[in-house]
1. If you go through the range 319-344, how many residues are under 21 Å from residue 446 (Cβ atoms) and more than 28 Å from the chain's Cα centre (by Cα)?
2. Filter the range 18-45 down to residues that are in contact with a strand residue (DSSP E or B) (Cβ under 6 Å, 6 or more places away or on another chain), within 21 Å of residue 95 (Cβ to Cβ) and in a helix (DSSP H, G or I), then give me how many there are.
3. If you scan the range 354-381, which residues turn out to be charged (D, E, K, R) and either at pLDDT 90 or above or farther than 28 Å from residue 35 by Cα (or both)?
4. Any residue at all in the range 548-567 that is closer than 26 Å to residue 219 by Cβ and open to solvent by 20 Å² or more (accessible area, probe 1.4 Å)?
5. For the range 240-248, check the following and say yes or no: at least one residue is in a loop (DSSP other than H, G, I, E, B), more than 19 Å from residue 328 (Cα to Cα) and touching a Cys at 6+ places or on another chain (Cβ under 8 Å).
6. Is it true that some residue in the range 296-305 is open to solvent by 30 Å² or more (accessible area, probe 1.4 Å) and either touching a strand residue (DSSP E or B) at 6+ places or on another chain (Cβ under 6 Å) or of a type in the set (Lys, Arg) (or both)?
7. Of the residues in the range 350-361, how many are assigned to a loop (DSSP other than H, G, I, E, B), in contact with a strand residue (DSSP E or B) (Cβ under 8 Å, 6 or more places away or on another chain) and open to solvent by less than 10 Å² (accessible area, probe 1.4 Å)?
Amino acid sequence: MAADNLPSEFDVVILGTGLAESVVAAACSRVGQRVLHLDRRNYYAGNWASFTFNGLLSWIEEYKAQQETPNTESEQGWVEKIEEGEDVLPLSSTDSSITNLEVFSYTSEESEEEEEVVKVSMANCFPKDSGATAEESSDIPIEAQDSPDDSAQGAAESQKQGVESTDPSDNEQTPETQQSSQSNEGDKEEQPITNPAEAPVELKKKITYAKLLKEGRRFNIDLVSKLLYSRGSLVDLLIKSNVSRYAEFKNVNRILTCRDGKVEQVPCSRADVFGSKQLSVVEKRMLMKFLTFCLDFEQHPEEFQGFSEKPFWEFLKSQKLTENLQHFVLHSIAMAAQETPTEDGLKATQHFLRCLGRYGNTPFLFPLYGLGEIPQCFCRCKAVIDTHGQRISCNHFVVEDGYLRDEQRAKTSHRQISRAVVITDRSVLSSDSDQQISLVTVPPLESSSPAVRAVELSSSSMTCMPGTYLVHLTCPALGSAREDLAPVVSRLFHVPNSPEEEPVQGSEESEKPLALWVMYFNMRDTSGLDTSCYSLPSNVHVCTGPDANLGSDYSIKLAESVFNQLLPDEEFCPPAPNPEDIIYDGDGAQGEGASFEEENGPEENGPPSESSEECTDSATQRPNTESDVQIPSTEE
C-alpha cells in the first residue's frame, strides 16, 4: 500500500521486527493502542531471522554489496516536514550489526546432470543377468537412496576401498571363467570373510552443493541461536498471552559435552544420573546430593558461607566432587565460567533443575521451523509502504538498535557475539535415533579462549534436509568469529582441505561428522548498554538486539520495561479473548513431566494443549509428531 493511504496519526510507531519490538507491538495492540509496525527489510525478525539455505545465500550477497557500497545519508525530502520545537532523529540506511562474515563450502560443485552420469556408471558394476541394481546389491549397500550419488571421482575412491573397477577390460571373462564363477558362487556365500579387503564396503553418498541448493527450502537457518527454558520468561509469556497457539516446539533430547576430545552425554535428571554408565555408584550419590542441595540452596547458607565472593569453580572443589562431576556441573548444567561467582553459579544450577520435567527430560524446547518463528507469532505485517514522504505523528517511537547511526552510540561501548553455522552429514554423537536435538557445551580449549555452546538440530526440527544436521555455535567474541570458533569446529567436525579430500579410514578424523558448509560472522551485542546513554528525545525508546545468553529472558524483560515506560498503568500482554477460554470447564487440567525431585519419568508428548485447534502455516500443514510439544494456551 502507499504511504499516503495510511492514517496520519498513531499512538505508537515501532521500527524493527526483532523479538523485543514484536512483543512491544503485540502488548500495545492488546490494550487498544493504535500501532504502526514497520521494517525496512524484506524479511521478518531482524537479527532474529531464519532463512532457507537459498535465502541465506541472498542475504550474504546483500551483506557483501552493502560493504562495497558507500553509505550516503541524505536529508533531502524530509527536512521541510520538521515542525518548530521538534527534534530530529536521523536513522541509518544500512545495518552495521553484522561483521566479519566468511563462508566456506566443502561440498563437491558437481551438477545434477553429473550425478546422473555417476548413477549410470554405478549401475554398470552389476551383470545384466543378475537382476540386481546398485541399491539392491548386498556387496555395496547404498544409504539414503534419495540423496545425491558420488561424483566422478567415486570410482577411484571405490578402488581404494576395495571395490572392483568398472573398466570392461578388467572384468572381461571367457565362457570358461564365467562357468567357473557361477559354479563357485554358492560356495563363496557360505565361506566366512577372513580378509578385511574382501568385506562389503558401504558407500555413503556424498551430499553435493547442488543438492543443498535443490533442497534449500528444507533449511531454516537462524541468525541467532537460542533455546527456550521451559520455565523461562519467554515460555511464561507465550502461555499468558495465548500466543503459544501459533507455534509448535520440540524437546531438546540430549545435553552433551566435549571432554578430552570426546563428546559424551551429561546426566542431569534423576533418571539420567542413576541410568548413567559414565558414573560410578559413589559419583551418582555425590551428584544427587549436590543437585538436591542446589534446588533450595538459599535455605542452607551455611553450605556456601565464605564463598560468596569466590568463584563457583572453587566452591565445587570444596564439595569434594570428582573432576568428572565438576566438569558436568560447571560447563553443562550451570553453563558458567570458572570465574563466575558462587551464588550466580548456584542460581544457574537451580534454574536448570527447576526447568527439568515440565515438558520433557531436559530443560529446553526448540521451535519447529527455527527461532525466527517466535517474533512472527507476535506480529504479522501485511503491507509494503513506499517512501513518498508522508508525515505520520505518534506519541511514542520504538526503534531497533540497528537503525541508529554509529555517531548516536559514539559514547557507548558494546560487545560482540561470535557465531558459526555448520551443515554436517551426521551427528556429533551417534545414537539409535537420527532425530535428536542436542545442546553441546565445549569448555575453553585454552585458558585465553571462550567457552562455546553448540545446538545441533536434526531434520525433525524442520530446519535442515534429511541426511544432514544443522549446528549453531555461539560464544562471546574475543576476536573475529572465525578466530574464536574455527578451532572448535575442527575439534568437533572433519574439515577437509578440499571437497575431494577423504579422511584416512580408521583415523580419529574419520569418526567425526563431515563439515559440508560453514559460515562465520560476528553480531553486535548491545544488551549491556544503558539506553539512557543514547542522546535521544524522551519519547524515543530503543530495543537492543539479541544477547549472548542461551535463553531469551533479557529480550522479554526489555520488552516489558519499554511497555511500562509507554503505558505504566496497563497490563503487559494480557491474554486475547477466545472461544476456548469461554467454554473451558476446567476438566482435563494440564499435566507435567517429572521434575528433578520426582521419581517418575517425564511425559513423552509434553503437556496437552487446551485448544483443540491445530497450528498451521499458511503454506504448509504442520501435523504433530509424537515428540512435538504444544505449550498450553493458559495455565492454572
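The values are calculated or read from the model by the stated rules, or taken from the named source; none is laboratory data. These numbers were taken from a predicted model, which means no experiment stands behind them. Positions of Cβ are backbone-derived with ideal geometry, glycine not excepted, and every protein chain shown enters the neighbour counts. Keep in mind that these areas ignore ligands, DNA and RNA; they rest on the heavy atoms of the full protein, side chains included. Shrake-Rupley method; radii C 1.70, N 1.55, O 1.52, S 1.80 Å.
1. Going through the range 319-344 one residue at a time, the tally reaches 1.
2. The number of residues fulfilling the criteria is 4.
3. 354, 358, 373
4. Yes, there is a match, as at least one residue in the range 548-567 is closer than 26 Å to residue 219 by Cβ and open to solvent by 20 Å² or more (accessible area, probe 1.4 Å).
5. Yes; the residues of the range 240-248 include at least one that is in a loop (DSSP other than H, G, I, E, B), more than 19 Å from residue 328 (Cα to Cα) and touching a Cys at 6+ places or on another chain (Cβ under 8 Å).
6. Within the range 296-305, none of the residues are open to solvent by 30 Å² or more (accessible area, probe 1.4 Å) and either touching a strand residue (DSSP E or B) at 6+ places or on another chain (Cβ under 6 Å) or of a type in the set (Lys, Arg) (or both).
7. Residues meeting the conditions: 2.
Condition check ((1) of a type in the set (Ser, Thr, Tyr); (2) assigned to a loop (DSSP other than H, G, I, E, B); (3) closer than 24 Å to residue 46 by Cα) across all residues:
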site	(1), (2), (3)
489	no, no, no
496	no, yes, no
501	no, yes, no
507	yes, yes, no
524	no, no, yes
528	no, yes, yes
548	no, yes, yes
551	no, yes, yes
